[in-house]
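Note sheet for the following structure.
The values are calculated or read from the model by the stated rules, or taken from the named source; none is laboratory data. For clarity, every value in this text was computed on a predicted model and none was experimentally measured. When we count neighbours, we look across all protein chains shown, and the Cβ atoms used for this are built from the backbone with ideal geometry, even at glycine.
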Amino acid sequence: MDYDVLVVGAGIGGMESALKLGDMGYKVLLVEKEASVGGKMILLSKVFPTLDCASCISTPKMGATIHHPNVTVLTYSEVAHIRQGVDGHFQAAIRQKPRYVDEARCTGCRQCEMACTVAVPDQFNADMVSRRAAYIAFPQAVPKKAVIERAGTSPCTFNCPAGIKAHGYVSLVRSGQHEEAFQLILEATPLVGSLGRACYAPCESACTRGSLEGPVAIRRLKRFVADTHYRGHSEPAAAAIRLQDPDVVGAGPADGAKRVAIVGSGPAGLTAAWQLARLGYGVTIFEAAPEPGGMLRLAIPEHRLPNAVVEQDVANVTALGVEIVTNTPVTNLDGLKAQGYDAILVATGTHRAFGLDVPGAGLPGVITALAFLRSVKLGEMVDLHGKRVVVIGGGNVAIDAARSARRLGAAAVHLVSLEARSEMPAHAWEVTEALAEGIVLHNSWGARQFRGDTAVQSLELQRCTAVFDAERKFSPLYDESARLELACDTVILAIGMSADTASFTPTLPTNRNGTLQADPATLQTAVPYIFAAGDVGTGPTMITSAVGQGRRAATAIHGWLQGPAALACGGPSLADSWIVGAAETGATPALPDAAATRLDVRAAHSETTSAGVTPAPPGLPVLPDLVCALPDVMPAVNGADVLARQRCYDTRVSLPVKVLRSAPDDMAEIELPLSEDEAWYSAGRCLDCGVCSECHQCLEVCPADAIDLGMPGREIEAQVGAVILATGFTLFPADLKPQYGYGRYKNVITGMQMDRLLAPTRPYNTVLRPGDGKVPERIAYVMCTGSRDKTVGNPLCSKICCMYSIKQNQLIMGALPLADVTVHYIDMRAVGKGYDEFYEQARDMGANYIKGRVARITEKDDGNLILHYEDIDHGGSVAEAEYDLVVLAVGVQPGLDARQFFPDDNLLLDEYGYVEEADEDLNPGRANIPGVFIAGAISGAKDIPDSILHAGAAVAQAAAYLEKVRVRA
Amino acid sequence: MSGRRLGVYVCRCGGNISDYVDVEQVAAEARQDPDVVVARTAMFTCSDATQQEIVKDIEEHRLDGLVVASCSPKLHKFTFREVAKRAGLNPYQYTQVNIREQCSWAHTNDKAGATCKAGCLTRAGIGRTRFAAPLEALVVQTEPSALVIGGGIAGLRAALGLADLGLSVFLVEKESSLGGWVGRFEAMYPHGKKGKALIAQLVGEIRARSAITVFTNTEVVGKSGSTGNYMATLEVRGNAPATIQVKVGAIIVATGFASYTPEIGEFGYGLEGVVTLPEFKELVEGTSGPLCYLGRPLRTIVYVYCVGSRQGAGAARGSPDCSRYCCAAAVHASLAVAALGGKVHQYHLYSDMRTYGRYEALYGESRDKGSLFPKFAGDSQPVVARDDSSGGLIVTVTDLLTAGQEVVIPADLVVLVTGMVPRPTEALVNALKLPTGTDGFFHEIHPKLRPVETVVDGVYICGACQGPKNSSESVASGLAAVAQSAAILKKGYAELDPQVARVDPDVCIWCGKCLEACPYRAVELAPGMYVTQGDERPGVLELSHTTRAGETPALPEACAAVEAPAPHAASREVAWIDPAMCKGCGACVPMCPTEAVDLLGYTGTQVKAMIDGLLEDRGA
């Protein structure tokens, strides 16, 4: 037996049960789903009828519970199920939710809370104020350990193929921490400015706000962040980049550090270089073109992505000591190995353009878009003045080519697309902008032949009737009778591209489309030291996908060179880089164990091992021999769940993309940046889907190094002798009485909210009405809200509301001596020792009690409230009265459905949903299942003294049950 | 400067203190004391986080004294003793200073004054702690048995509960049979279970337990000893009168309530046809067909609620409080009447219908069955009178629910819904030194923190002797008392506060002044001169259950077992104070002409240091 008794729920009933059993010498396991013990009592101001401060009498119980030698407390944990075993024992399965903060290390200093950039309603203060996603529930929390609330991965972050913490930088911008936002993106990639302009932003497509009035402008926020950083750091240098380990990285690779060669300086190569350099490797990039940047520098036109921005991004990489050798195509990978590189990454992209197999395609004047765009971007003389240009293709590259041609002075630019307008692969907004610039679009036409003598003079088109076959495969059909001829001087082909890997064969096997074969998880090729990342392995994709591949390749190379254990202790950034693109692959790739993969620990170690001891790799920290345990990415939060968290939303207009209408020959960037105000406003629309935004500020500030965003949950099995359920009650949701306006009228609050306003740890330090912060002068109570009310399905009396209202009446009159307090009631149920005197005391203090129900409440323009009520004391007339603040004395309802704990047994509930006491008269606190007992309000409405006595009854019987079982055994 | 290393913690109590006391100033003043190594303020000193901080300070700064200036020691004395223990500091080298109840709450209009007083009290606490010596808790072995007083449903269930946990029980009932009130009832709310059957079931189970010894016709007349080791004296009356002494570890009092008896004339009480609720229940339960009274069928019954209850503080008769059970009981009785058949009109005259919790369902059912509920205002009570013309009763009430009309109801029977009042138990109160509240019911230490404990250690209360409760609530509290008793008795030992008075035999001249002053009979002559009290009463039968074989309780470390006085070398007669009996009240100390008595924890040196602290002029 692990424990004698399992107590579920650490409210006052559960704590009392655990303490008494512990005092008797029984071993108790106490499981609480919240982060602190204390239940509802710790939320209260003072308690009736003695007016003790609830904190003052709760905290000793809380402290005693957690320190009791016979009581083991699991907070932030839920009981999954309890099954009966042999001999009357129980087997309990408990799931400890990850706090994402190491309890052993956390000192409760609240630094993480103060640094956190996400605010959510504070349930401790009845949602009247906000708390952070990283928080300590309340000042007296036991244990006083922080928790980071994570509902899952925010859809924007989840859908980023590069694994960029989109939610994180949005929340940082919202907090005005622009530089921190830049640094957060740098964790993933150095290409902040480029992605801020040229990324197709799958994050925005996934944004939950999109289903309200439009997605958050996440990409433009990234550009804003980049622009802001680069404006302040005109000389990109290592000093401007906060490095993970300045000792290692700031000085460039250490002597003897392992070296990695990267072939290709596109998004994948640059990102991999950046990540590897940060890990301390010596990295050299070999680039065939005269400038680094790959497609960013060679294909994406200036009006979308200026060269200067690419250069700034590339400078981030070279600032780490990465050497970029341009004009150097690599054809002999073995040769690189021979030069002393320990690993090689091929990231050469897809620079081979498709041609057209139609007559005349070889005529001068027919060029490929890649060649055309490259010439323009490299500043070579391309003069299209007065020329008639036809671009063939329906994708984004075609649009880029067409708009570039327009800017180079072409007299006319026609775009010919095989697809219908709705089928065009180009983004709709790109097409729209192209049309606005005067480009003529010809949809559903295919090239039949080029005509011309010495150069192309015209293009004959035929009608395309279908682009795809039934299986959505590219298989165009033509109606040859429908023809169209376009006169032209230049034809630009933008019909696709592929990887040019001929020079790598036969060293590396390729696929039929020319891409390199590599393990999709580790990106390792058939040659162990060669990895392939980006479009050269995947075929043409988006920039962010290539960035993600670069990240993963760097991690895999690191793991291969150092052993997978290195990944486990590489910090959150390294862990994240393994799980990038989870949305694309559908799951986190498991890092296979060493024996099953050629990413082989032993292979890597065999080169450096002597006498069985692995020496520290030069330039890298000593890595403990850990089993690799990279975390799974949390599943994406469901947008519908996010929207359901809140009852209503302010509509906040989304800012449209503003485009500079440039002169046709102006190559300048056309999209206008967000102003600081616009950025702040846009970021403010974020719904914080995942709650924690993964902005990593807590990681930065935690002095105890206690934050672990990859913390897994724990599954715990325990054998126990008996069970006491003490899961308490819930309060009636007041908005289910719409005639009282809760949720719509700001100055209608619940009894719990008033208790918070009165508590020593109160949110405003006085009693204010929430609508406008005014000190209320006339306060009304509406009793029996949600109780004694068949219309809401609860005919029962809630027992506590009369007394807590009377208590609040007295406290209000103490706090606000000038305030009038009026209570509209049916029967005042001051039932208990000293309770009637307490009621009389409130009357004597001046509280006014009016018998009769309140029919409805209406709100005035100034936020005051009109109560329409029956005044029984005065003949039962219907009357109206105006108040500043109305408190709804909400009643209690059954808490969670306790039947869920017992999948194999039929735990009986009464007709109202409370757990039934099998023999209330002689055995109060006993449920129908032998060995299962209930304490407190789980069995029906109870005040604190009744709950404590009830817990005592459950304890006496649980102990008796244990003794009986012990004797039998 | 004494070379001590003291830590001082001044609490804000969330604002409870810091709104009226400048806690930073109090801490700053404390820091001026050369022995104070650490002085801090905290939002909630009792919070786990601050407790940990204190532990850390004690360990890091090697503190040998702890002063906490926060609330009443009644609340947190044990909390901070535990903190000291966890840090390896002797828990008696800690002093609690009460700057909440005594400063911030008492002087809400005078922040400067409250702050000044808090500073003085804190200095006094520092003074006491400066001379605090380590003490060890006194440990007494406990009897694994309990005495339950009262054979009603709470006492019976408690006795069974104790026996279930392996403890021996003496159950004492004043009457000739067990069962109390519930033993007389038939159907009870809310489920209609029969009280008689419940009692029969419990009594049957008790008879089957060898661990339970039942005394009927018996009263408890005396008690000696202390918690864990009481000797109770029982007087058995009837055919074979006897005096019996029982050794028990704990005493559970479950003596129940008395039903309020109206005065003649109170709501017509004394008139034919005016009955109390218990009388009415008997009538209903004894009837099988349509209800009759004195042979006449009843057509109209009027219930008058709150008779003897809610009489306001200081009322001469009845209870100031709501009796809690009667609304539901009367409504339930009216349902029983309806179930008997016949056309009976039932009027319930009430001021607040208090069918709390799930009992609300009974109220609804009663309305559904035709009962009418006119409501009267508290200051306009119904009048019950004989109608001379008809010979019947008429009840006049001003009904708020029909616009304040005066309603006259001719009634065949008027039921006075009488509440619970304390049972006269003066003898028991004297025997046990039990405290009662202003309402006359037995008084618990704290309704939430210690709901079944009394100021007399080891004496617990449960059921309706503590205040109005219905049957199942009484049973729950009876079982809570079982849990509380077992928490001490199952361990096999009890720890007692070592802050007791001690006699210096070299100085004592045995004048007997301390003996006179002691309210707890803790002072005795030292051995040699000792005369056993028990021998003076021949013929007393002594019963005790010895500790079960093989169960020698393991005593905790660092505790001092209570020992009998060591033989004293001097041939003089000197006083000896039994540490298990002494409560540390200090009444003997000032009486001693030779200053031979000192109170550990409050020695003369310490008290003088406290006075110095209070009088110290800070020059502010």
Within the range B:283-293, identify whether any single residue is farther than 25 Å from B:Glu175 by Cα and of a type in the set (S, T, N, Q), and answer yes or no. yes
What single numbered condition from (1) more than 30 Å from B:Gly295 (Cβ to Cβ); (2) in contact with a Ser or Thr (Cβ under 9 Å, 6 or more places away or on another chain); (3) small (Gly, Ala, Ser); (4) more than 14 Å from chain A (Cβ to nearest Cβ) fails to hold for B:Gly463? (4)
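Can you work out which of the residues in the range B:363-378 that are more than 11 Å from chain A (Cβ to nearest Cβ) and within 37 Å of the chain's Cα centre (by Cα) is nearest to B:Met188 (Cα to Cα)?
If we filter the range B:363-378 for residues that are more than 11 Å from chain A (Cβ to nearest Cβ), which is where we start, we get B:366-372, B:374, B:376.
Applying the additional criterion that residues be within 37 Å of the chain's Cα centre (by Cα) yields B:366, B:376.
Working: B:Ser366: 15, B:Phe376: 27 Å.
Looking at residues that are more than 11 Å from chain A (Cβ to nearest Cβ) and within 37 Å of the chain's Cα centre (by Cα), I get B:Ser366.
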Go through (1) at pLDDT 90 or above; (2) touching a helix residue (DSSP H, G or I) at 6+ places or on another chain (Cβ under 7 Å) one by one and return the number of the condition B:Leu428 breaks. (2)
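I'd like to verify a number: residues in the range A:762-780 that are away from chain B (no Cβ under 14 Å) and either in contact with a Leu (Cβ under 8 Å, 6 or more places away or on another chain) or of a type in the set (Gly, Ala, Ser) (or both), how many? It would help to see each step written out before you state the result.
Just the residues of the range A:762-780 that are away from chain B (no Cβ under 14 Å), to begin with: A:768-780.
After this cut, where a residue has to be either in contact with a Leu (Cβ under 8 Å, 6 or more places away or on another chain) or of a type in the set (Gly, Ala, Ser) (or both) as well, the list is A:768-769, A:771, A:773-780.
Within the range A:762-780, residues that are away from chain B (no Cβ under 14 Å) and either in contact with a Leu (Cβ under 8 Å, 6 or more places away or on another chain) or of a type in the set (Gly, Ala, Ser) (or both) number 11.
B:Arg299: over 32 Å from the mean Cα position of the chain (by Cα), in the same structural domain as B:Gly357 (by TED's automatic domain parsing), over 30 Å from B:Phe170 (Cα atoms) and among the basic types (Lys, Arg), yes or no?
Details: over 32 Å from the mean Cα position of the chain (by Cα): yes; in the same structural domain as B:Gly357 (by TED's automatic domain parsing): yes; over 30 Å from B:Phe170 (Cα atoms): yes; among the basic types (Lys, Arg): yes.
Yes: the conditions hold for B:Arg299.
A:Pro924 - would you say it is within 12 Å of chain B (Cβ to nearest Cβ), over 43 Å from the mean Cα position of the chain (by Cα) and not basic (Lys, Arg)?
Details: within 12 Å of chain B (Cβ to nearest Cβ): yes; over 43 Å from the mean Cα position of the chain (by Cα): yes; not basic (Lys, Arg): yes.
It is true that A:Pro924 is within 12 Å of chain B (Cβ to nearest Cβ), over 43 Å from the mean Cα position of the chain (by Cα) and not basic (Lys, Arg).
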Filtering the range A:327-360 down to residues that are in a loop (DSSP other than H, G, I, E, B) and under 28 Å from A:Glu302 (Cα atoms) yields A:Asn327, A:Thr328, A:Pro329, A:Val330, A:Ala347, A:Thr348, A:Gly349, A:Thr350, A:His351, A:Phe354, A:Gly355, A:Leu356
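Hey, can you tell me all the residues within the range A:258-294 that are of a type in the set (A, V, I, L, M, F, W, C) and in a helix (DSSP H, G or I)? Before you say what the answer is, go through the steps one by one.
From the range A:258-294, those of a type in the set (A, V, I, L, M, F, W, C) are A:260-263, A:268, A:270, A:272-274, A:276-277, A:279, A:283, A:285-286, A:288-289; that's our starting set.
Correct list: A:Ala268, A:Leu270, A:Ala272, A:Ala273, A:Trp274, A:Leu276, A:Ala277.
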Filtering the range B:158-199 down to residues that are of a type in the set (S, T, N, Q) and in a loop (DSSP other than H, G, I, E, B), which residue is farthest from the other protein chains (Cβ to nearest Cβ)? B:Ser176
Which ones in the range A:922-941 are surrounded by 24 or more Cβ atoms within 10 Å (Cβ to Cβ) and in a loop (DSSP other than H, G, I, E, B)? A:Pro924, A:Gly925, A:Ala927, A:Ala935, A:Gly936, A:Gly940, A:Ala941
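Go through A:Ala162, A:Ala237, A:Ala201 for me and flag whichever is of a type in the set (A, V, I, L, M), at pLDDT below 95 and surrounded by fewer than 20 Cβ atoms within 10 Å (Cβ to Cβ).
Just a single option satisfies the conditions, and that option is A:Ala237.
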Filtering the range B:474-500 for residues that are facing chain A (nearest Cβ under 10 Å) and either in contact with a Cys (Cβ under 6 Å, 6 or more places away or on another chain) or surrounded by fewer than 24 Cβ atoms within 10 Å (Cβ to Cβ) (or both) leaves a count of 8
Could you tell me which residue of the range B:410-453 is nearest to the other protein chains (Cβ to nearest Cβ), considering only residues that are surrounded by fewer than 21 Cβ atoms within 10 Å (Cβ to Cβ) and basic (Lys, Arg)? B:Arg450
Could you list, in sequence order, all residues of the range A:5-43 that are among the acidic types (Asp, Glu) and within 17 Å of A:Arg926 (Cα to Cα)? A:Glu16
Would you tally the residues in the range B:188-214 being crowded, with 17+ Cβ neighbours inside 10 Å, among the hydrophobic types (A, V, I, L, M, F, W, C) and more than 30 Å from B:Glu360 (Cα to Cα)? 5
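Determine whether B:Ile212 is touching a residue at least 12 places away in the same chain (Cβ under 8 Å), in contact with a Phe, Trp or Tyr (Cβ under 9 Å, 6 or more places away or on another chain) and of a type in the set (Val, Ile, Thr). Reasoning before the result, please.
On the way: touching a residue at least 12 places away in the same chain (Cβ under 8 Å): yes; in contact with a Phe, Trp or Tyr (Cβ under 9 Å, 6 or more places away or on another chain): yes; of a type in the set (Val, Ile, Thr): yes.
Spelling it out, B:Ile212 is indeed touching a residue at least 12 places away in the same chain (Cβ under 8 Å), in contact with a Phe, Trp or Tyr (Cβ under 9 Å, 6 or more places away or on another chain) and of a type in the set (Val, Ile, Thr).
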Criterion violated by A:Leu30 - all others in (1) of a type outside the set (Ser, Thr, Tyr); (2) within 8 Å of chain B (Cβ to nearest Cβ); (3) more than 24 Å from A:Ala830 (Cβ to Cβ) satisfied: (2)
Filter the range A:883-916 down to the residues that are under 16 Å from A:Val823 (Cβ atoms) and not in a loop (DSSP other than H, G, I, E, B) and list them by number. A:Tyr883, A:Leu885, A:Val886, A:Val887, A:Leu888, A:Ala889, A:Val890
Among the residues of the range B:12-29, are any in the same structural domain as B:Gly127 (by TED's automatic domain parsing), surrounded by fewer than 19 Cβ atoms within 10 Å (Cβ to Cβ) and touching a Pro at 6+ places or on another chain (Cβ under 8 Å)? yes
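I'd like the residue in the range B:575-620 that is among the basic types (Lys, Arg) and part of a loop (DSSP other than H, G, I, E, B) and, out of all such residues, is surrounded by the fewest Cβ atoms within 10 Å (Cβ to Cβ). Before you say what the answer is, go through the steps one by one.
Residues of the range B:575-620 that are among the basic types (Lys, Arg), as a first pass: B:583, B:608, B:618.
Narrowing the set further to residues that are part of a loop (DSSP other than H, G, I, E, B) leaves B:583, B:618.
On the way: B:Lys583: 19, B:Arg618: 10.
Ranking the qualifying residues of the range B:575-620, first place goes to B:Arg618.
Looking only at residues that are of a type in the set (Gly, Ala, Ser) and crowded, with 21+ Cβ neighbours inside 10 Å in the range B:82-104, which one is farthest from B:Cys46 (Cα to Cα)? Give the derivation first.
Step one: list which residues in the range B:82-104 are of a type in the set (Gly, Ala, Ser), which gives B:84, B:87-88, B:104.
Filter again for crowded, with 21+ Cβ neighbours inside 10 Å, leaving B:84, B:104.
Values: B:Ala84: 13, B:Ser104: 17 Å.
Taking the candidates together, the pick is B:Ser104.
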Quick one: A:Pro656 ticks every box in (1) farther than 21 Å from A:Ala151 by Cβ; (2) in contact (Cβ under 8 Å) with a residue 40 or more places away in the chain; (3) in a loop (DSSP other than H, G, I, E, B) except a single one, so which number is it? (2)
Take the residues in the range A:927-946 that are under 42 Å from the mean Cα position of the chain (by Cα) and facing chain B (nearest Cβ under 9 Å), then tell me which one is farthest from A:Asp910 (Cα to Cα). A:Ile944
When only residues in the range B:339-360 that are surrounded by 18 or more Cβ atoms within 10 Å (Cβ to Cβ) and assigned to a helix (DSSP H, G or I) count, which is farthest from the other protein chains (Cβ to nearest Cβ)? B:Tyr359
Using the structure shown, decide if B:Glu272 is surrounded by fewer than 16 Cβ atoms within 10 Å (Cβ to Cβ) and closer than 23 Å to B:Pro424 by Cβ. no
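Considering each of B:Val23, B:Val37 in turn, give the residue that is more than 33 Å from the chain's Cα centre (by Cα) and within 14 Å of chain A (Cβ to nearest Cβ). Working first, answer last.
Working: B:Val37 fails: within 14 Å of chain A (Cβ to nearest Cβ).
Result: B:Val23 is the single residue among B:Val23, B:Val37 that is more than 33 Å from the chain's Cα centre (by Cα) and within 14 Å of chain A (Cβ to nearest Cβ).
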